[in-house]
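Let me begin by presenting the structure, written as C-alpha cells, before commenting on it.
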Amino acid sequence: MMDKSNKMISIAEKYGTPTYVYDADMITEHYLAFEKNLTIPHLICYAVKANSNIAVLQLLAKLGSGFDIVSKGELERCLHAGVDAQKIVYSGVAKSFDEIESALRAGIACFNVESLPELERIQQVAKSLNLMAPVALRVNPDVNVKTHPYIATGLKEHKFGIALEHITAIIQRLDAYSNIKLKGLACHIGSQLNELAPYQAALQRLLDLAKTVELEFIDLGGGMGITYENESPMNIQSFCSMLNEALHDKNIKLILEPGRCIVGPAGVLLTKVEYIKEQNGKRFAIVDAGMNDLARPSLYDAWHDITPLQKREGPTHNYEVVGPVCESSDVLGKNRKLAIQAGDILAIKDAGAYGQSMSSNYNSRPKCCEILLIDGKEHEVRRRETISDLFQHEKLL
Ligand code: LLP
C-alpha cells in the first residue's frame, strides 16, 4: 500500500493543486465518537457550514446523522444528498420568507428561532401553508468562552439567540401562535472551544428554563474544538460523559451540532510551491493556494500545520508561506521551518472544516477540486472550477 504522502503527491499530480482531500474513514470515526459515547437519547446534527460538499453530507447521512443548516442552499444540499428532512434543524438569525416556506414544505424537524420577529414570521408562513411549525427557542445564555472573538457567539452583546430575560415571556405567549409547536430550547456558544465548563454553564441555563415548560429536546449547539497547533481540547468521550451525567434522568433528548470536530482534522489542502523568494532577510514560500481557498489564517490569524510531502535532505529555513492573492494578509503560515524546493507539494493540515466552504473566487481564482478518500481510493467529489465557470453568470452589454 502506498504511504500517505505518496498518495497525496499522486493526487496532486493527477488533479492539480490547490486541492482539498478529505478522509471518509476519519469523518466516520469522528461522527461515531458521539454515537458510541452518548448513552442518552440524542441526535447529532452535523453543522453543514463546516463542509457542505454533498458527498460529505451523503456519507454522514448514511451513518444516520442529522444536520444543522443555516440557509436554503444548505437545505437543498441536504435534500439532494438524500438527507431525511425530519433530521434537519434550521439555525440562523435572518431566515427569509422563502427559506421558511421551503423548510416547512420539506418537513424539517425544527427551526431554531433567534428572535420574536422571526417567530412571528414563521407563524405567518406556517399559517398561510396550513402547517404546524416545530420550533426551538435559541437562547443567548450569556456564557463567556475562550476563543477568537469572531467565533464566540453566546454573549449578550452578540446578535445570536434570544436574551435570557426575554425567553420566559415568549414561552408564556406561545399559545397565541396557532401554527407554532414548541419542541425545544437551543443554544450555540461559540466555536473552537476547548473547555467543558462553558457547556456545563449553558446547559444549566437551558435546564433551568426547561423546568417551566414541556420540551422534547435541548440543543446545545456545536463548537467542540480540535488541535490545530498545541491546543488541548476536551475529548469527545469526556464531553459525552458530562452530558450523559447531566441528562440521564431528565427525560429529554439531546441535540448537538458539531461541525469542525467531525470534518476539520479529516481534511488537508494540497498546494504547490510556485516560487521561493528571498529578500530583506526573509524567505517566502509562494504557493498556489491563497486566502481565497483557505480564509482562516488571514481572517482569524488561525494556525494550520504545513507539512512538505517530499522529504528533502538539507537544512530547514524559516519561511513565510504566502499565497498568490494581492493582499498582504494572504499568509497561510508564518515562521515555518521547512526544507523545500520550488515544485514541492505542501499539505496544509486540519483544513476539512471552514476551508472550501468559506472559499471565494477573489482575484478571479477558480475554486479547488475536492477529493474524498474512501478506503484509500480517491473520488473526485467536486471538479475544479474552470476559467469560464468564473464569469458564466455575468453579461456583456
Ligand atoms: N451550530 C451553530 C448554530 C453554529 O453557528 C455553528 C458554527 C455550529 C453549530 C458548528 O460549530 P463547530 O462545531 O463547527 O465549531 N468560520 C469559523 C467558524 C465559525 C463557526 C460558526 N458557527 C472558523 O473557521 O473557525
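For a quick protection proxy, order the peptides 137-148, 185-196 by their average other-Cβ count within 10 Å, most packed first. Could you put the intermediate results ahead of the total?
Details: 137-148: 21.3, 185-196: 23.3.
Order by mean packing, descending: 185-196, 137-148.
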> Volume per residue, Å³, of the convex hull around the alpha-carbon atoms of the chain?
Replying inline: 160 Å³
> So which aspartates and glutamates can LYS87 reach, going by Cα to Cα under 12 Å and dropping same-chain residues fewer than 8 places off?
Replying inline: ASP68, GLU257
> Could you give the length gained on full extension between ASN144 and ALA339, defined as 0.36 nm per residue of separation minus the Cα-Cα distance, in nm?
Replying inline: 66.1 nm
>> Among ILE236, VAL325, ALA339, whose Cα projects farthest towards the positive end of the dipole of segment 209-354, with charges put on the beta-carbon of Lys, Arg (+1) and Asp, Glu (-1)?
In response: ALA339
> Mind checking which of TYR22, TYR31, TYR275 has the largest fluctuation in a GNM of the chain, springs on alpha carbons under 10 Å?
Replying inline: TYR275
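Can you put ASP98, ASP330 in order of Cβ neighbours within 10 angstrom, beginning with the fewest? Can you show the working numbers first?
Details: ASP98 10, ASP330 20.
With the sparsest Cβ surroundings first, the list reads ASP98, ASP330.
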> Which residue, ASP219, ASP293, ASP249, has the most motion in a Gaussian network model of the chain that connects Cα atoms within less than 10 Å?
Replying inline: ASP249
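With +1 on each Lys and Arg Cβ and -1 on each Asp and Glu Cβ, and nothing else charged, work out how big the dipole of the chain is about its Cα centre, in Debye to the nearest 20. Write out the running numbers ahead of the final one.
On the way: 43 positive and 49 negative charges, 49 e Å.
Dipole magnitude for the chain comes out near 240 debye.
What is segment 64-200 by shape, rounded, prolate or oblate, if you read a ≥ b ≥ c off the alpha carbon gyration tensor as root eigenvalues and call it rounded for a/c under 1.5, prolate for a/b larger than b/c, and oblate otherwise?
Working: a/c = 2.11, a/b = 1.28, b/c = 1.65.
The shape class here is oblate.
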> Cα axis of helix 4-15 to longest principal axis of the chain: angle in degrees, 0 to 90, nearest 10?
Replying inline: 90 degrees
> In terms of modelled amide H atoms, which long-range or inter-chain residues lie less than 5 Å from the amide H of LYS253?
Replying inline: PHE217, ILE218
> Of LYS36/LYS95; LYS349/LYS377; LYS7/LYS349, which ones are farther than 23 Å apart at the Cα?
Replying inline: LYS36/LYS95
>> Over the chain, with a Gaussian network built from C-alpha contacts below 10 Å, which listed residue (ALA285, ALA24, ALA106) shows the highest mean-square fluctuation?
In response: ALA106
> For the pair ALA201 and ARG121, how long in nm is the line joining their label points, each one 7 Å along Cα→Cβ?
Replying inline: 3.1 nm
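When the chain is fully extended, how far beyond the present Cα-Cα distance does GLU380 get from ASN280, taking 0.36 nm per residue of separation?
Working: separation 100, 0.36 × 100 = 36.00 nm, distance 4.15 nm.
Full extension from GLU380 to ASN280 adds 31.8 nm.
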> Points 7 angstrom from Cα along the Cβ direction at GLN392 and GLU157: gap in nanometres?
Replying inline: 4.4 nm
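Laboratory data are not the source of any read-out in this text; all were calculated from the coordinates shown. From a predicted model like this one, the values you see are computed outputs, not experimental measurements. Cβ sites come from the backbone with ideal geometry, for glycine too, and all protein chains shown count toward neighbours.
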